[in-house]
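Have a look at the structure that comes next, please.
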Amino acid sequence: MRPLIAGNWKMNGLGAEGVALARAVREGLGDGNGVDVLLCPPFTLIERVARAVAGSAIAVGGQDCHPKASGAHTGDVSAPMLKDAGASFVILGHSERRADHGETDALVRAKAEAAVAAGLTPIVCVGETLAERDAGRAEAVVEAQLAGSLPEGFARAGGVVAYEPVWAIGTGRTPSEADIAAMHAAIRARLVARFGAAGRGVRILYGGSVKAANAKPILAVPEVGGALVGGASLQAAEFLAIIAAAPVAVA
Ligand code: PGA
């Protein structure tokens, strides 16, 4: 399985700096190296970033989409619109959207269905809060999120899961490698139980305070199929160093 290193720019980037960042990643990456690379800029930059990386191995993704393809939903953006703008992936159910916009598992599932129908690869985020981990409920919370957020056919459609403990996002704190390994093994077991053999092929990304300095050991943890990188994806050199730390897939 090829690792996937995805940059989640969140609500950061105006035109010139966003395009410059995408170009710098493109130039630093060269031909690519057995690692899939994805940039997820804000909606306003998808088309410009897609143009900046056109012809390279870098893919572009959105950070959310509406469950409907079109209609009276002021301010929302649909999956076919993302696709039309040049995206091939979309991040769904990020903990910031679950918290800021009250997104439920059922809504995330509907969005993932819309993404697949539009020909986008969904990256569905799951992860526990610190209180849930301290209460010993981390795996139960994540398993419930998986059960509720992943639509039928998710694995066959090439869907990606991102495990992002809420307390590790933007905090500089990361779980131990043993904790990451345990959670990723639990997620893999749920995926195989639900989707059978196709569940073995789902990439499971780790996200939460990944940076160049900690990427290598995290990306070497069994069942970690890449990283979803927030803050550190806003600096080309830092993001490129994370990509370089990914174990290259053997054919
Ligand atoms: P972070 O964010 O790398 O800044 O912790 C990760 C994410 O929210 O996807």
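Bear in mind that the values in this text are calculations on the coordinates, not laboratory data. Treat the numbers as computed from the prediction; the structure is a model and nothing was measured. All Cβ positions, glycine included, derive from the backbone under ideal geometry; neighbour counts span all protein chains shown.
Among 92, 107, 45, which is of a type in the set (A, V, I, L, M, F, W, C), under 22 Å from residue 203 (Cβ atoms) and out of contact with any Leu (no Cβ under 6 Å at 6 or more places or on another chain)?
Numbers: 107 fails: under 22 Å from residue 203 (Cβ atoms); 45 fails: under 22 Å from residue 203 (Cβ atoms).
None of the other options fit; the residue is 92.
Determine whether residue 126 is of a type in the set (Val, Ile, Thr) and farther than 18 Å from residue 11 by Cβ.
In short, yes.
Within the group 173, 194, 156, which residue is among the charged types (D, E, K, R) and within 11 Å of the ligand (Cβ to nearest atom)?
After ruling out the rest, the residue left standing is 173.
Hey, another quick one. Can you go through 23, 2 and tell me which one is touching an Asp or Glu at 6+ places or on another chain (Cβ under 7 Å) and over 19 Å from residue 92 (Cβ atoms)?
Only one candidate passes the filter, namely 2.
Only one of (1) without any contact (Cβ under 8 Å) to a residue 24 or more places away in the chain; (2) within 29 Å of residue 129 (Cα to Cα); (3) not small (Gly, Ala, Ser) is not met by residue 27, so which one is it?
Only one criterion in (1) without any contact (Cβ under 8 Å) to a residue 24 or more places away in the chain; (2) within 29 Å of residue 129 (Cα to Cα); (3) not small (Gly, Ala, Ser) is unmet by residue 27, namely (2).
If you take the residues of the range 137-148 that are more than 16 Å from the ligand (Cβ to nearest atom) and of a type outside the set (A, V, I, L, M), which of them is surrounded by the most Cβ atoms within 10 Å (Cβ to Cβ)? Let's see the steps before the verdict.
First, the residues of the range 137-148 that are more than 16 Å from the ligand (Cβ to nearest atom): 137-141, 143-144, 146-148.
Among the residues that remain, those that are also of a type outside the set (A, V, I, L, M) are: 137, 139, 143, 148.
Working: 137: 14, 139: 18, 143: 16, 148: 15.
Taking the candidates together, the pick is 139.
Kindly evaluate residue 182 against the criterion of being in contact with a Cys (Cβ under 8 Å, 6 or more places away or on another chain) and touching a residue at least 24 places away in the same chain (Cβ under 8 Å).
Taking the combined requirement at face value, the residue does not satisfy it.
Counting only residues that are more than 18 Å from residue 166 (Cβ to Cβ) and touching a His at 6+ places or on another chain (Cβ under 9 Å), which one in the range 204-223 is farthest from the ligand (Cβ to nearest atom)?
222
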